[in-house]
Amino acid sequence: MSELLEHMEYSIRYILSRYIRFAKGFQSMQATCHPDTWASRGLDKQDAAHALSSAVNHAYQTLLQPMQRIEYILSANGNPMEETDKLEDNEFLMDIMTAREEIEMADTREEAEPVIRENQALIDDTVSEIESLVEQQRWPEAKQAGIRLKYLDGIRKAAMEKS
């Protein structure tokens, strides 16, 4: 149990350090291209800075969201996710249907909480798997994991609607 806690603490510190570096990089880019920074240099440069600032903000938001991030990465590497993409894992699909039913049957968010926690754990595992597959450039497997993430994200969204 102690080893598990140590590993979890290490993982959390690692993730936070990556996020902090990422956030600082975004802030630096945003400061450089913020339209107010370019206000005194002419309207054309301010307009260009505004367009660049919007692009940086959009990229940042895309990278923050795991589903949008994998969709972008797959598309950029010639493996775009399509609405018609299917998943062949029948056991996983049955688990998804069961989770959706449990959320639908829950009258409150508190009743749905066990499903929410389990689903978040699956999302976290799937995101880790995707990161590993992307690092290895194993695009077909990353795409399949992305499709699984899409189903899990659907459960997350349905659960968020419970109040």
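The values are calculated or read from the model by the stated rules, or taken from the named source; none is laboratory data. Bear in mind the structure is a predicted one, so any value in this text is a computation, not a measurement. So basically every Cβ, Gly included, is an ideal-geometry build from the backbone, and we count neighbours across all protein chains shown.
Miscellaneous remarks
- Scope region 73-98; condition within 13 Å of L149 (Cβ to Cβ) and part of a helix (DSSP H, G or I); matching residues: I73, L74, F92, I96
- Test: residue in region 122-129 that is of a type in the set (D, E, K, R), free of Cβ contacts under 8 Å to residues at least 40 places away in the same chain, part of a helix (DSSP H, G or I) and farther than 27 Å from N57 by Cβ: yes
- The residue that is farthest from P114 (Cα to Cα), among those in region 130-163 that are among the polar types (S, T, N, Q) and in a helix (DSSP H, G or I), is S132.
- Condition met for G78 (touching a residue at least 60 places away in the same chain (Cβ under 8 Å), over 19 Å from the mean Cα position of the chain (by Cα) and outside the structural domain of M29 (by TED's automatic domain parsing)): yes
- Single residue of E101, E113 found to be on the phi < 0 side of the Ramachandran plot, assigned to a helix (DSSP H, G or I), surrounded by 12 or more Cβ atoms within 10 Å (Cβ to Cβ) and more than 12 Å from the chain's Cα centre (by Cα): E113
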